[in-house]
Amino acid sequence: MAYSDKVVDHYQNPRNVGSFGASKEVKERKDIGVGIVGAPECGDVMQLQIKVSDDGRIEDAKFKCFGCGSAIASSSLATEWIKGKSLDEAAGIRNTQIVEELSLPPVKIHCSVLAEDSIRTAIEDYRKKNGLVEEVKASAEATTG
Amino acid sequence: MAKGSIPDQSPIYMDNAATTRCDPRVVEAMLPYFTEMYGNASSRNHSFGWQAEDGVDTAREQAASLIGANPKEIIWTSGATESNNLAIKGAARMYARGPEGTTGRGHIVTAVHEHKAVLDPCKRLQREGFDVTYLEPGADGLITAEMVSGALRDDTILVSIMWANNEIGTINEVPEIGKLCHDREIVFHTDATQWVGKMPTDVERDHIDLMSWSGHKMYGPKGVGALYVRRRRPRIRLEALVDGGGHERGMRSGTLNVTGIVGFGKACELCQAEMDAEGERLLKLRRKLEQTLMGRMDVVAINGHEEKRLPHLTNISFGFVEGESLMMGIKNIACSSGSACTSASLEPSYVLKSLGVGDDLAHSSLRLSLGRWSTEAEVDEAIESIAKAVEHLRTMSPLYDLHNEGIDISTIEWQAH
């Protein structure tokens, strides 16, 4: 499989890798939203954490990804794109934009879908923690398309 | 690989179980048969034909000598896939007989983690009315004589068990299975593609009736293979798949691939002469590869039986990293991976699955197979780049974090997309 230069670059130099602490601590923190999507047996799991400022902007984002090069690149790119955005702006990011930016072939489109889902899930988690949604889904984590 | 560009020099070849470099001594032996001794080995009326026939005869002796057979017991084919097809379909159709009072055609025993070139002919035979039992190995990947014994029935006509597995290198109890089949008068075939030329083989001692192998896995050319067909005690007969000029005792018609066969013979001769030293050297290298990687990182697992394995092949899983991204990080090594992520739903290797290797570990496995030209420096470089790639990917892996926090990822309810 030939990867685009951008995918290779994200793979070799991933942006914003990491987390804001151990999973239990992060769960308690109200300023952080977490999105975990995918499953190990499917070969990809993405974890996106967003740190939201008081004025509702994503001031920092961290990702971890178990997956192919395209999945790593999609999640790495997602963190770059959402930093500095409002929650609504970030929620507006579509997987097709990721496909275009990284020149993903059709078999890798699901990687971009996963990245979009991880953004949405992280935002939902933040809103749920902060009582910003009226109806909260039973399992906001790992809601995927 | 943490930083920097993917090196563009020729990668280190560690995929000798897929195919091998043709030995230059083999090529040298073949060359005159393209341009000087180019006769048809079936032409009886002139020296061109006689020369070609001599070349084929020599190769038949070289091949027979490697496996302790009589030259007359060697049938030339296009490769191990054809040999397997001829052996399995040819024997099943020749010896077809159902249990008393039924319309069945007979029972065949094989195993779930055989090569597709064995499984697919068996599936075809099922459609033709044969009954097939697919044995399941334990976690070590071995098929034992006991397992085979437990599957035999009154109407069993054929057993086909590979000598060494192509993905994990595990060595089955072939001589014991052969003995068992001989005692029960059941035809025994073994796909020995990964075995012959690497390990000592004696079709008499090991009770083999039919044995497939291929030239290109033992430093010979591609497109040529052999099938050993026992001629006495018992004499095995096969229904041909390819009819025509009656070549190869009527079992495989078609003008002989003289150049390929000459190369195959030379490759057999070289393997026979160099097998012991080569096996010992490669085993040392394989052990270094495995032990260094396992010593340097946690959750590294060797797939297959610990001891009963080919000396030159290893299949290693690296927990919490995904296979395709691992391959991407080791572009300087040419090897095989346990899975390919080409769609939303991955299909990990059916061989690893049959051993009960979890999907996540099956996805992160590499098959590294050494060969005649593998060097210690190459092994050292491979260790370095595999370890770097795994470490790089683990810094990104959410699963590795969970592992380090003491959480068993199999207890988490994942929602697949």
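Can you run phi through the Karplus equation (6.51, -1.76, 1.60; θ = phi - 60°) for region A:33-40 and list ³J(HN,Hα) in whole Hz, with x for Gly and Pro?
Going residue by residue, I get x, 10, x, 10, 10, x, 8, x Hz, with x marking Gly and Pro.
Assign one of three labels to region B:24-271, namely rounded, prolate or oblate, based on the Cα gyration tensor with a ≥ b ≥ c the square roots of its eigenvalues; rounded applies when a/c is under 1.5, prolate when it is not and a/b is larger than b/c, and oblate otherwise.
It is prolate, given that a/c is not under 1.5 and a/b is the larger ratio.
If you average the sequence gap of Cα pairs under 8 Å that are 6 or more apart and divide by the length of region A:1-79, what percent do you get for the contact order?
Once divided by the residue count of region A:1-79, the mean separation gives 34 percent.
For residue B:380 and residue B:54, calculate 0.36 nm times their separation in residues minus their Cα-Cα distance, and state this gained length in nm to one decimal.
112.9 nm
Picking from B:69, B:49, B:85, whose Cα lies most toward the positive end of the charge dipole for region B:24-271 (charges on Cβ: Lys, Arg +1; Asp, Glu -1)?
Of B:69, B:49, B:85, it is B:49.
If the only charges are +1 at each Lys and Arg Cβ and -1 at each Asp and Glu Cβ, what is the size of the charge dipole of chain B around the Cα centre, to the nearest 20 debye?
1280
Let me cross-check residue A:28: its accessible surface, 1.4 Å probe, with only protein heavy atoms counted, in Å² to the nearest 10?
140
Charges only on Cβ, +1 for Lys and Arg, -1 for Asp and Glu: so what's the dipole of region B:221-306 about the Cα centre, in debye to the nearest 20?
380
On a 1.4 Å probe surface of the protein chains, which of B:53, B:36 comes out largest in accessible area, and what is the full order?
Reading off the accessible areas and sorting them downward yields B:36, B:53.
With axes computed from alpha carbons, what is the tilt in degrees of helix B:116-127 against the longest principal axis of chain B, rounded to the nearest 10 within 0 to 90?
Value to nearest ten degrees: 70.
How crowded by other chains is B:355-368, given as the mean number of beta carbons from other chains within 10 Å of each beta carbon?
Per residue, the number of nearby Cβ atoms from other chains is 2 on average.
Residues with beta-carbon under 13 Å from that of residue B:62, excluding residue B:62: net charge, scoring Lys, Arg +1 and Asp, Glu -1?
-1
Could you pull the accessible area for residue B:103 with a 1.4 Å probe, rounded to 10 Å²?
The value for residue B:103 is about 140 Å².
Order the following by accessible area, largest value first: B:251, B:147. Probe radius 1.4 Å; ligands, DNA and RNA are ignored.
Ranked list, largest accessible area first: B:147, B:251.
Counting only helical runs of four or more DSSP H residues, what would the 222 nm mean residue ellipticity of chain A come to if each run contributes -39,500 (n - 2.57) and the total is spread over all its residues?
Taking each H run of at least 4 residues, the total per residue is -12500 deg cm²/dmol.
Based on a Kirkwood Rh over C-alpha pairs, give the Stokes-Einstein translational diffusion coefficient of region B:275-408 at 20 °C and viscosity 1.002 mPa s in µm²/s.
Result for D is 140 µm²/s.
Given only helices, namely DSSP H runs of n ≥ 4 each adding -39500 (n - 2.57), what is the per-residue ellipticity at 222 nm of chain B, to the nearest 500 deg cm²/dmol?
After summing the helix terms and dividing by residue count, I get -12000 deg cm²/dmol.
Report the charge-dipole magnitude of chain A in Debye, nearest 20, computed about the Cα centre from +1 at each Lys and Arg Cβ and -1 at each Asp and Glu Cβ.
240
Any chance you could give the angle, 0 to 90 degrees and rounded to 10, that helix B:174-184 forms with the longest Cα principal axis of chain B?
Taking the Cα atoms of chain B, the angle to B:174-184 is about 50 degrees.
In vacuum, with every alpha carbon of region B:12-116 counted as one equal point scatterer, what does the Debye formula give for log10 I(q)/I(0) at q = 0.15, 0.17, 0.18 Å⁻¹? Two decimals, please.
-0.92, -1.06, -1.11
If you project the alpha carbons of the protein assembly as shown onto their three principal axes, what span does each projection cover, largest first, in Å?
Rounded to whole Å, the extents work out to 95, 59, 41 Å.
Using the scaling law 2.2 N^0.38 Å as the reference, what is the normalised Cα Rg of region B:193-262?
1.21
Limiting things to C-alpha atoms, what are the Rg and the maximum Cα-Cα separation (Dmax) for region A:1-109, in angstroms?
Every Cα atom of region A:1-109 included, Rg and Dmax give 14.0, 44 Å.
Largest first and to the nearest Å, give the Cα extent of region B:187-309 along each principal axis.
60, 32, 26
Loop only by DSSP, 14 or fewer other Cβ within 10 Å of the Cβ. Give me the chymotrypsin sites (Phe, Trp or Tyr not before Pro) in region B:4-59 that pass, ordered by residue number.
When the chymotrypsin sites (Phe, Trp or Tyr not before Pro) of region B:4-59 are filtered for loop state and at most 14 Cβ neighbours within 10 Å, B:38 remain.
Just the accessible area for residue B:375, please: 1.4 Å probe, Å², rounded to the nearest 10?
Probe radius 1.4 Å; accessible area of residue B:375 about 60 Å².
Highest mean first, what order results for B:65-75, B:275-285 on Cβ atoms within 10 Å?
B:65-75, B:275-285
Taking H as built 1.01 Å from N, whose amide H comes closer than 5 Å to the amide H of residue B:309, not counting residues under 5 places away?
Answer set, sorted by chain and number: B:171.
Considering only B:304, B:320, B:283, whose Cα is most displaced toward the positive end of the charge dipole of region B:275-408, charges sitting on Cβ of Lys, Arg (+1) and Asp, Glu (-1)?
About the Cα centre, the residue reaching furthest to the positive side is B:283.
How far apart, in nm, are two points set 7 Å out from the Cα along the Cα-to-Cβ line at residue B:36 and at residue B:276?
Each label point is offset 7 Å from its Cα along the Cβ direction, giving 3.4 nm.
Top to bottom by accessible area (1.4 Å), largest first, where do B:97, B:231 land?
Greatest to least solvent exposure: B:97, B:231.
Using a 10 Å cut-off around each Cβ of peptide A:56-69, what is the average number of partner chain Cβ atoms that fall inside?
Taking all residues of A:56-69 together, the mean is 5.
How many percent of all Cα-Cα pairs in region B:57-183 sit more than 27 Å apart?
Distances greater than 27 Å cover 22 percent of the Cα pairs.
Quick one: net charge of residue A:64's neighbours, Cβ under 11 Å, K/R +1, D/E -1?
Summing Lys/Arg as +1 and Asp/Glu as -1 gives +1.
Kindly point out which whole DSSP H helices in chain A project their C-alpha atoms 15 angstrom or further along the helix axis while averaging a Kyte-Doolittle hydropathy of 0.0 or above.
Span-like helices in chain A: A:69-82.
Can you work out the FRET efficiency for the pair residue A:94 and residue B:298, with r the C-beta to C-beta distance and R0 = 41 Å, to the nearest 0.05?
0.55
What is the pair-distance distribution P(r) of chain B, computed from all Cα-Cα distances in 10 Å bins starting at 0, with each bin given as a whole percent?
Per 10 Å bin, starting at zero, the Cα-Cα P(r) for chain B comes out as 5, 21, 28, 24, 15, 6, 1, 0 percent.
Please give the helix B:80-95 orientation as an angle from the longest Cα principal axis of chain B, in degrees from 0 to 90, rounded to the nearest 10.
60
Just the Cα atoms of region B:125-222, one point each, no solvent: what log10 I(q)/I(0) does Debye give at q = 0.12, 0.13, 0.14 Å⁻¹?
Values, matching the q order: -0.40, -0.47, -0.54.
The values are calculated or read from the model by the stated rules, or taken from the named source; none is laboratory data. All figures in this text were calculated on a predicted structure; none of them were measured in a lab. Positions of Cβ are backbone-derived with ideal geometry, glycine not excepted, and every protein chain shown enters the neighbour counts. Calculation scope for accessible area: heavy atoms of the full protein, side chains included, ligands and nucleic acids excluded. Shrake-Rupley method; radii C 1.70, N 1.55, O 1.52, S 1.80 Å.
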